[in-house]
1. Within 10 Å, at most 11 other Cβ atoms, and a DSSP state outside H, G, I, E, B define an exposed site. Report the longest part of the chain free of exposed GluC sites (Glu not before Pro).
2. For Ser117, list long-range residues whose amide hydrogen, built 1.01 Å from N in the peptide plane, is under 5 Å from its own amide hydrogen.
3. Per the helix-only calculation at 222 nm, which mean residue ellipticity applies to the chain, given -39500 (n - 2.57) for every DSSP H run of n ≥ 4 and division by its residues, nearest 500 deg cm²/dmol?
4. What's the exposure ranking of Met1, Met13, going from fewest to most Cβ atoms within 10 Å?
5. If I take R0 = 22 Å and measure r between the Cβ atoms of Ala177 and Asp63 in this structure, what FRET efficiency does the formula 1/(1 + (r/R0)^6) give, to the nearest 0.05?
6. Consider a paramagnetic label point 7 Å from the Cα of Val109 along Cα→Cβ; state which residues of the range 153-183 have an amide N under 20 Å from it.
7. For Asp137, Asp57, what's the fewest-to-most ordering of other Cβ within 10 Å of each Cβ?
8. Work through the residues other than Ala45 whose Cβ is under 13 Å from its Cβ and net out their charges, Lys, Arg +1 and Asp, Glu -1.
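Values in this text are rule-based calculations from the coordinates and carry no lab data. Predicted model only: the values in this text are computed from it and were never measured. Note that we place each Cβ from the backbone using ideal geometry, even for glycine, and neighbour counts take in every protein chain shown.
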Amino acid sequence: MEFDQALDRVLGMLDGGGRVLLGVAGPPGAGKTTLAERLVAAVTADGRFRAAHVPMDGFHLADAALDALGRRDRKGAIDTFDGWGYRALLRRLRDRLDEPVYAPGFERVLEQPIAGSIAVGPEVDLVVSEGNWLLVDAAPWTDAAALFDEVWFADAPAELLRDRLVARHVAFGKPPAVAEGWVDAVDLPNAALIEPTRARAAAVVRTA
């Protein structure tokens, strides 16, 4: 579906009452964050509901932890996230509706998670959370996915992903050659693993 259809769908979900948790999965570079931010802005502009964006990237393991595990050279792979911590946050967002919930964000310049940097208050009707691995058929990701009302898949043509990813890494400080090497060694192999998970999505949203 296109963005307008996606917006109508989420507004319909909100019309049912209660807090809605929406997940957006997809490969790196597919436009998940842009889609999440557009949805939050559009729902807020509608005027009837409050919305918040809580990225899964806040559950990246810090570099110190990755160094200890020997995984820093493939940061972004499925085992470089605190998946159980992410599941616990979603449970709080689902169950603790009468109190603020503080979620970690992710600072792209530092490439580090920032604890407690996103506040989700009781007034928030829609929480949109995006991440690469939300539709993986293994714990803790299946447990996390079950806490969403729906999980969508952000779809962009494969030929666009590499250019987008290289440009992103360069924008945040990597030299072009280093950015290209990282994309080919880490990001695109991750994308190949994520692509088959689209079959478990409730909907596919075109993001190109």
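1. 3-122
2. Here Ala103, Gly105 satisfy the definition.
3. Working: 8 runs with 81 residues, N = 208.
My calculation for the chain gives -11500 deg cm²/dmol from helical runs alone.
4. Fewest-to-most ranking of Met1, Met13: Met1, Met13.
5. Using R0 = 22 Å, I get an efficiency of 0.55.
6. Under cut-off, by backbone N: 167-176, 179.
7. Listing Asp137, Asp57 from fewest to most nearby Cβ atoms yields Asp137, Asp57.
8. Residues near Ala45 contribute +1 overall.
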